[in-house]
Amino acid sequence: MATSSGPQAGPARVLGTVDAAAIGAAAMLGAGVFSVFAPAALGAGAWLPVAIAIAGLVAYCNAICSARLAARHPESGGTYVYGRERLGDLWGYLAGWAFVVGKIASCAAMALTFAAYLLPGWERPVAVALVLVLAALNYRGVRRSTLVIKILLVAVLAVLLAVLAAMVFSGRLSAVAEVDGMGPWPGSFGVLGAAGMIFFAFAGYARIATLGGEVRDPRTTIPRAITLALGVVLALYLAIGTSLLIVLGRERLTTSDAPLVDAVRVAGVPFLVPFVIAGAVLACVGALLALLLGVSRTVAAMAADGHLPRHLARTHERFGVPHRAEVAVAVVVIALVLVGDLGGVIAFSAFGVLVYYAIANASALRLGPKENRPPLIAPVGGLVGCVVLACSLPLPVVMLGVLVLGAGAGLWWLRHRALA
C-alpha cells in the first residue's frame, strides 16, 4: 500500500530546460490554436494581427516578470508564492484562487473540446474518461507525464506546420490585395477583447513557473524555458492567424467552427483534414495534461499554507507528486464536465488567467535592484495590459469573475478572523 509523507516532503527536481519548455509550449499549443482565431476575428476583423501582437506583447511582459520572480522564488506555486511574498498573504491567496478556479474551468474546456472532435454526441462521457486517464498518468510521476507531453507537442507542431505550408503554397497569400486594407476600425473593445481571448491561448508558459520546485537549476532553467516556449508559439500564432485571415477572408473566418480545417480545404489539400482533426485532439490531450500538472501544484502549495485543507499538500512517497491534490482537481474537473457549458468555462477561464498575471506583474514591481528586477516597462506594461484586457471581455464574464474573486476574498477574511 502506498504511503504518504507530510507537507514538508517536496517532489524531486527532475525537469530540464526542454522538459519545462515542452510543458509550457504544449499548454499554449492546446485547443486554443484550433479555435481561438475565429471568435477573435469576429471582434477584431481584419485587425486580427494587431490583436495577436497586443496579446503577444502583454505575454512577453508577463514572461519577463515571471522569469525573474521564478528565479528569485524557485518553488512550486507560481504567482501564489510571488504574491504572498511580495504583496502580502491576501494577494498571494487571490492569485492562487484565480489560477485554480480559472484553470480548472480551462481543464473542463479542453476535455470537452477533445470529446467534441473525437466523438460528437458523446462529449461528456468521453471527456470524463480522458480526465481519469490523464489524472492516473500524472499520479505515476511527472517524468512520465513530460515524456508524453513532448511526444504530443511534436505531433501537434507537425500538423500546424503542415497547415501553414498548405496555406503558403496555395498561392492565396500572394493575393493580399483581396483583403481590403485593414477594414473599418472595430473599436477598442473589439480589438482588445480579441487580444484578451488570444492571450488566453498564450498563457501556458505559466505552467513552467508552477513547476519551479521540480526543475533542475531553476534560476537558469526557468527563464530559458519560458523564453523558448513563448518565442516559438508567438511566431507560430502570428503566421497562422494572419494566413487564416488572408486565405479564408474575414467573413468566412469569423463564421468558421473549424478554421484550420476550412483553410486546408480552401488551399486545395483536403486530404489533410483528418490530420488536422487528429492534431486538435492531440493538442487538447497535451494541454489538459500540462494543466492538470500545474493546477495540482498550486493547490498543494495553497494547502501547505493552510488556505486549503492541509491534507491536499501531502506528496506521494514513491512517485514524488502531490497525489491528493491531483485527485481533488480531477474530481472537480469531472464535475464541471458533467454540468458545465463549453463557452462559459472558456470565457471564465480567460478572466481568471488575466487576474493571475496582473498579480504576477504587481509582484515583480516589488523586486529590489539586487534581485535582478526587470526593466520597469515590463511589470507596468504587463499589469496595465492584463487589467485592460480583462475589462474588455464580455460584461457578464467580468461581473461573474469579480463575484468569484470577492467570494475568495471573503473566505480568506473568514479564515484569518477565525485564527485571530
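The values are calculated or read from the model by the stated rules, or taken from the named source; none is laboratory data. Being a predicted model, the structure only gives us computed values, none of them experimental. Here the Cβ positions follow ideal geometry from the backbone for every residue, glycine too, while neighbour counts run over all protein chains shown. Only protein heavy atoms, including side chains, enter the accessible area calculation; ligands, DNA and RNA are left aside. Shrake-Rupley method; radii C 1.70, N 1.55, O 1.52, S 1.80 Å.
Cβ-Cβ contacts under 7 Å between residues 6 or more apart (or on different chains), taken from a first residue in region 305-317 that is over 20 Å from GLY408 (Cβ atoms) to a second residue that is open to solvent by 20 Å² or more (accessible area, probe 1.4 Å) and modelled with pLDDT of 75 or more, are listed as HIS311/ARG324; ARG314/ARG324. Residue-level check: of (1) at pLDDT below 85; (2) surrounded by fewer than 24 Cβ atoms within 10 Å (Cβ to Cβ); (3) closer than 30 Å to TRP412 by Cα, ALA116 misses just (3). Tallying residues that are touching a Leu at 6+ places or on another chain (Cβ under 9 Å) and assigned to a helix (DSSP H, G or I) within region 388-420 yields 11. The one condition from (1) surrounded by fewer than 18 Cβ atoms within 10 Å (Cβ to Cβ); (2) within 23 Å of the chain's Cα centre (by Cα); (3) outside any helix (DSSP H, G or I) that VAL321 does not meet is (1).
For the structure I just gave you, tell me whether ALA350 is assigned to a helix (DSSP H, G or I), modelled with pLDDT under 90 and closer than 16 Å to GLY102 by Cα. Show your work before the answer.
Numbers: assigned to a helix (DSSP H, G or I): yes; modelled with pLDDT under 90: yes; closer than 16 Å to GLY102 by Cα: yes.
So ALA350 passes the test.
Residues that are within 23 Å of MET197 (Cα to Cα) and out of contact with any Ser or Thr (no Cβ under 7 Å at 6 or more places or on another chain) within region 287-338 comprise ALA287, LEU288, ALA290, LEU292, VAL295, VAL333, LEU336, VAL337, listed in sequence order.
Is one or more of the residues making up region 5-21 of a type in the set (S, T, N, Q), at pLDDT 80 or above and assigned to a helix (DSSP H, G or I)? Looking for residues that are of a type in the set (S, T, N, Q), at pLDDT 80 or above and assigned to a helix (DSSP H, G or I), one finds none in region 5-21, hence no.
For region 369-382, enumerate the residues that are open to solvent by 20 Å² or more (accessible area, probe 1.4 Å) and either of a type outside the set (A, V, I, L, M) or part of a helix (DSSP H, G or I) (or both).
Of region 369-382, the ones open to solvent by 20 Å² or more (accessible area, probe 1.4 Å) are 369-373, 375-377, 380-381.
If the condition is that a residue be open to solvent by 20 Å² or more (accessible area, probe 1.4 Å) and either of a type outside the set (A, V, I, L, M) or part of a helix (DSSP H, G or I) (or both), then PRO369, LYS370, GLU371, ASN372, ARG373, PRO375, ILE377, VAL380, GLY381 are the ones that fit.
Scanning region 273-302 for residues that are closer than 26 Å to LEU260 by Cα, at pLDDT 80 or above and open to solvent by less than 10 Å² (accessible area, probe 1.4 Å) turns up VAL276, GLY279, ALA280, ALA283, CYS284, LEU288, LEU289, LEU291. Does at least one position in region 101-109 carry a residue that is closer than 19 Å to ASP305 by Cα and β-branched (Val, Ile, Thr)? Yes: region 101-109 contains one or more residues that are closer than 19 Å to ASP305 by Cα and β-branched (Val, Ile, Thr).
Just to be sure, is ARG310 under 24 Å from TYR82 (Cβ atoms), at pLDDT below 90 and among the basic types (Lys, Arg)? Yes; evaluated as a whole, the condition is true for this residue.
Please work out if ALA71 is out of contact with any Phe, Trp or Tyr (no Cβ under 6 Å at 6 or more places or on another chain), modelled with pLDDT under 85 and assigned to a helix (DSSP H, G or I). Against the criterion (out of contact with any Phe, Trp or Tyr (no Cβ under 6 Å at 6 or more places or on another chain), modelled with pLDDT under 85 and assigned to a helix (DSSP H, G or I)), ALA71 qualifies. Remark: ALA51 falls outside the filter, which requires a residue to be open to solvent by less than 30 Å² (accessible area, probe 1.4 Å), modelled with pLDDT under 80, of a type in the set (Gly, Ala, Ser) and under 25 Å from LEU376 (Cα atoms). Just to be sure before I move on: is GLY385 of a type outside the set (A, V, I, L, M), part of a helix (DSSP H, G or I), at pLDDT 90 or above and over 22 Å from the mean Cα position of the chain (by Cα) in the structure I sent? For GLY385, the condition - of a type outside the set (A, V, I, L, M), part of a helix (DSSP H, G or I), at pLDDT 90 or above and over 22 Å from the mean Cα position of the chain (by Cα) - is not met. Quick one: would you say ARG124 is out of contact with any Ser or Thr (no Cβ under 7 Å at 6 or more places or on another chain), surrounded by 14 or more Cβ atoms within 10 Å (Cβ to Cβ), modelled with pLDDT of 80 or more and basic (Lys, Arg)? So ARG124 passes the test.
Among the residues of region 54-65, are any among the polar types (S, T, N, Q), under 23 Å from ALA194 (Cβ atoms) and crowded, with 22+ Cβ neighbours inside 10 Å? Working first, answer last.
Going through region 54-65, the residues among the polar types (S, T, N, Q) turn out to be 62.
Filter again for under 23 Å from ALA194 (Cβ atoms), leaving 62.
Within this subset, residues satisfying the condition of being crowded, with 22+ Cβ neighbours inside 10 Å are 62.
Checked against the condition, which is being among the polar types (S, T, N, Q), under 23 Å from ALA194 (Cβ atoms) and crowded, with 22+ Cβ neighbours inside 10 Å, region 54-65 yields at least one hit.
Do we have any residue at all in region 83-92 that's at pLDDT below 85 and either part of a helix (DSSP H, G or I) or over 23 Å from LEU293 (Cβ atoms) (or both)?
If we filter region 83-92 for residues that are at pLDDT below 85, which is where we start, we get none.
Within region 83-92, not a single residue is at pLDDT below 85 and either part of a helix (DSSP H, G or I) or over 23 Å from LEU293 (Cβ atoms) (or both).
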